[in-house]
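The values are calculated or read from the model by the stated rules, or taken from the named source; none is laboratory data. Just so it is clear, the model here is predicted, and its values are computed rather than measured. No Cβ is skipped: glycine too gets one built from the backbone with ideal geometry, and neighbour counts run over all protein chains shown. Accessible surface areas use protein heavy atoms only, side chains included; no ligands, DNA or RNA. Shrake-Rupley method; radii C 1.70, N 1.55, O 1.52, S 1.80 Å.
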Amino acid sequence: MMAVRAVNSCSIFRSASPPPFSAAVRCRLYHYRNLQFRRYSKLGCRFHAFRSEQKLFGHGGVRSCSVHSLVDSVMEELEFMRKRKRVYAASKMGLTSSGELLEDKLANRVLEKGLLLEFKKDSDRVLLAVAQKPDGKKNWMVSDQNGVTSSIKPQQITYIVPGIENFDHTGISDFIQKAQDNLDPALMEFAWVELLENNKSVTTEELAEMIFGSAEPLESYCAHLLLSKDETYFSVLETKGSRSIYGPRPTVQVQELLRWKLAKEAAEQELQEFVQLLKSAKNMPSKAKPPKSSWLAEEKTRHKIESLESYAIDACKNDDQKKTAGMILKAMGLVKTASSAVNLLIDIGYFPVHVNLELLKLNIPTDHSDEIITAAESLLSESSDPDEIYRKDLTHLKVYAIDVDEADELDDALSATRLQDGRIKVWIHVADAARFVQPGSMVDREAMRRGTSIFLPTATYPMFPENLAMEGMSLKQGEICNAVTASVVLRSDGSIAEFSVDNSVIKPTYMLTYESASELLHLNLEEEIELKILSEAATLRLQWRQQQGAVDTATLEARIKVANPEDPEPVINLYVENQADPAMRLVTEMMLLCGEVIATYGSRNNIPLPYRGQPQSNIDVSLFQHLPEGPIRSSAIVRLMRAAEIDFRKPIRHGILGLPGYVQFTSPIRRYMDLLAHYQVKAYLRGESPPFSAGQLEGMASILNMHSRLAKRLFSSSLRYWILEYLRSQPKERKYRALILKFIKDRTAALLLVEVGFQASAWVSVGAQIGDEVEVRVDEAHPRDDFISLKEVI
């Protein structure tokens, strides 16, 4: 709809929306101007009155207007619009509304000594200064309000105060103070109304004459400050050097800018309130800080805290989050970095002191949804065993389950006996996870989405819901358990003589830790002869694999469990595992044996499986014989190993393991790729076609391998963090034994801290060689910055 304007004698009528300045507002401006007149008359200034022909007051104090006919109103509005267009057209041609050349209004004053000018010091600061003398052809030396003399370029000058010569730079501060005292942004609204109605543009000096009644230096500079800070009423029509022509913005644009300004002020107020909350929480004692949930209760607070969290982990979803976090950090007096955001969130209690940033960055799912938990509980109570009548009863066997002491679910267990002909027969029992889940079911899809269980020093995030994994799938001591068992008869040289793969029923006899199993082996008890036979079988297998080209990569590895990770000073339990330990060797060899059996079984029966291999690297082990056996030799060899490969149609040689084929099969509760192998093998045992083709397995494997890499990355970073925290918390004077693994540069060596199972680097003294043991102490350790500094103790 067309807006209708009754010029000179009537307010603006709009059919779509109310006028920006109603009669009441104009009356307020009139009163405001009279107040300003009285205020500035004390300074010797004068005001122009509103146009004399306007009647501002009528009955009841409301402005009265003579009413034009609708036709006259429309014609006057059209004339007003045409005038407005002519003003902008004239500005493009270099003319003002009166025909005056813009060139004349924009004429710059020649810079000379003693002039008072404003210049841009940098992107954030504008200063007043007095010109002193030329500096080269174009630059000038100036003395600014801070008493600093510097050279500036002409393009840095933003305004030259008119009517001043030989200004004393010591008076700049007083001049600035007077200008600040005279500033009143509300004057811009008055000026905008006048100029918009008269379709006029102005220079700084003209605006000063209009609102202050004078274009003296002080008033002109005040007008310049008002215009330069104004973001609502005026826009720059033309600029030349340090002089500009300003025009009033259209009514609609001003309305929009005013709405934006109000919204901005509200947002700033909201930000300040949030900052006060942050400061308050920051100053509270640790145990009194507000819980994380309180920051998420209200939408406006949640948006800000989530923006700060996203910024802390470099995961901002959009520019708004990044901008919000930046404003918060700036308001808190902090630099705009992710580490600043992390420290702030720790200080207010939103993050624990030892927050796992990598876990947040990778967006790893830690909890199962209620829907998945409900589905898992249904499987426990309702699922039947389709393989029940085909299961082989092996409950008469003594069964050893050996794992770390904090293992939540047990995937595998072992049995062994010596046959009458002297050969050894072993059974590798693997938990039958596929007895509860079917390919494509809801629980199966969730397990595939996760890909693997996540094991961290602070927590375990299982692939399956805990109840299903622990109560249904896991092997349990003294209870009847379903399993898939690979039974193997070994030749005297450790090679496989015969094998079978069956669905089975077992009854685990012992749940042993590696430490307790090693102790039993050391005691050599007659009643635990089966454990000794397993150890003998493991030795035979290792010897056979080495004859096939296997490379021994056993080393020392750290294992950490943190009992109370939420505490600022948690209890850290550190264990160092020697992979050459008899019990660990035993379990490792039996798992590898099972992998070889499944690969051979799959090959003979044309079952698509994830057959793992590793091209035989051209590693001449004899070249490393001069290095001490164990971690030092292993470290040197591992650096030459090539990446593993997977084939889904037939086995491929695994050179490093010394096996003709290998399939990971022994951890179906923890690894989805192992579960896939169970689906395939169990279908064949039932006489059915495998549920997945080689192509389908390959497609799923690409996703699962990505999950596996993320899990390893998360585990490695978490383990390293807690090892550094452990070292940081130890007495400064503590010394550590360290093996020299290699020299990185000059005398800087890669070291293995024997008591910690951790690799780091340090400078070692002249004469030390690879394989030597040195003593070091921790000079500095900063877990959050992933930094450690070791010094040799000489």
* Could you pull out the pairs from Lys300/Lys323; Lys361/Lys732; Lys279/Lys336; Lys282/Lys336; Lys138/Lys240 whose alpha carbons sit more than 21 Å apart here? => Lys361/Lys732
* Asked: Ratio of the stretch 707-747's C-alpha Rg to 2.2 N^0.38 Å, to two decimals?
  -> 1.63
* Provide the solvent-accessible area of Arg653, counting protein heavy atoms only and rolling a 1.4 Å probe, rounded to the nearest 10 Å². => 100
* **Directionally averaged shadow of the chain, computed from the convex hull of its alpha-carbon atoms, nm²** => 53.8
* To do: Between beta-carbons, use under 12 Å as the cut-off and find the net charge around Phe351, counting Lys and Arg +1, Asp and Glu -1.
  => 0
* Structure fact -> Scalar couplings 3J(HN,Hα) for the stretch 430-439 by Karplus 6.51 cos²θ - 1.76 cosθ + 1.60 (θ = phi - 60°), nearest whole Hz, x for Gly and Pro, are 10, 3, 8, 5, 5, 5, 9, 10, 10, x
* Quick one: Karplus J couplings for the stretch 465-470, per residue in order, coefficients 6.51, -1.76, 1.60, θ = phi - 60°, nearest Hz, x for Gly and Pro? -> x, 4, 4, 5, 5, 7
* Asked: Could you name the lysines in cross-link range of Lys200, using Cα to Cα under 16 Å and dropping any fewer than eight places away on the same chain?
  -> Lys83, Lys85, Lys92, Lys105
* **Stokes-Einstein diffusion coefficient of the stretch 561-618, Kirkwood radius over Cα pairs, 25 °C, 0.890 mPa s, in µm²/s** => 158
* **Selection from Leu592, His654, Ala431, by position along the positive dipole direction of the chain (Cβ)** => His654
* For Lys742, residues with placed amide H under 5 Å, excluding near neighbours -> Ala750
* Excluding Ile703 itself, calculate the net charge of residues whose Cβ lies under 13 Å from the Cβ of Ile703, where each Lys or Arg counts +1 and each Asp or Glu counts -1. => +3
* Assigned charges on the beta-carbon of Lys, Arg, Asp, Glu; the stretch 701-779 dipole about Cα centre (debye) -> 300
* Asked: In the full protein assembly as shown, how much of Lys113 is accessible to a 1.4 Å probe, in Å² to the nearest 10?
  -> 130
* To do: Please give every one of the lysines within straight-line cross-link reach of Lys507, meaning a C-alpha to C-alpha distance under 27 Å, and leave out same-chain neighbours fewer than 8 residues apart.
  => Lys392, Lys398, Lys425, Lys476, Lys532, Lys682
* **Proximal charge balance of Lys735 [Cβ under 11 Å; K/R count +1, D/E count -1]** => +1
* To do: Please work out how much accessible surface Trp260 shows to a 1.4 Å probe, ignoring ligands, DNA and RNA, in Å² rounded to 10.
  => 120
* To do: Given the peptides 584-597, 519-532, arrange them by the average over their residues of other C-beta atoms within 10 Å, most packed first.
  => 584-597, 519-532
* Mean Cβ neighbour count within 10 Å, used as a protection proxy, ranking 411-421, 174-184, 454-464 highest first -> 454-464, 411-421, 174-184
* As a check on your grasp of the helix formula, calculate [θ] at 222 nm for the chain: sum -39500 (n - 2.57) over DSSP H runs of n ≥ 4, divide by the residue count, round to the nearest 500. => -12500 deg cm²/dmol
* Whole-number accessible area per residue in Å² for the stretch 659-794, which is evaluated in the context of all protein chains at 1.4 Å -> 46
* To do: Stick to Cα atoms and the Kirkwood definition of Rh, then tell me Rg/Rh for the stretch 302-368.
  => 0.96
* To do: Which order do the peptides 272-285, 308-321 take when ranked by the mean count of other beta-carbon atoms within 10 Å per residue, highest first?
  => 308-321, 272-285
* Hey, if you put +1 on the Cβ of every Lys and Arg and -1 on every Asp and Glu Cβ in the chain, which of Thr666, Leu394, Leu196 ends up farthest toward the positive end of that dipole? -> Leu196
* Asked: So, in Å, what gap is there between the alpha-carbon centers of the stretch 272-293 and the stretch 538-557?
  -> 57
* Structure fact -> In the structure shown, of Lys120/Lys330; Lys261/Lys317; Lys133/Lys153, the pairs separated by more than 18 angstrom at the C-alpha atoms are Lys120/Lys330; Lys261/Lys317
* Structure fact -> Between the residues Met700, Ala683, Tyr726, the Cα farthest towards the positive end of the dipole of the stretch 636-726, that dipole coming from +1 and -1 charges on the beta-carbon of Lys, Arg, Asp and Glu, is from Tyr726
* **Orientation-averaged projected area, Cα convex hull of the stretch 393-444 (nm²)** => 5.7
* Structure fact -> Per the rule of 0.36 nm per residue minus the C-alpha distance, extending Val335 to Leu262 adds in nm 23.5 nm
* With charges set only on the Cβ (+1 for Lys and Arg, -1 for Asp and Glu), what does the dipole of the chain come to about its Cα centre, in debye to the nearest 20? -> 3420
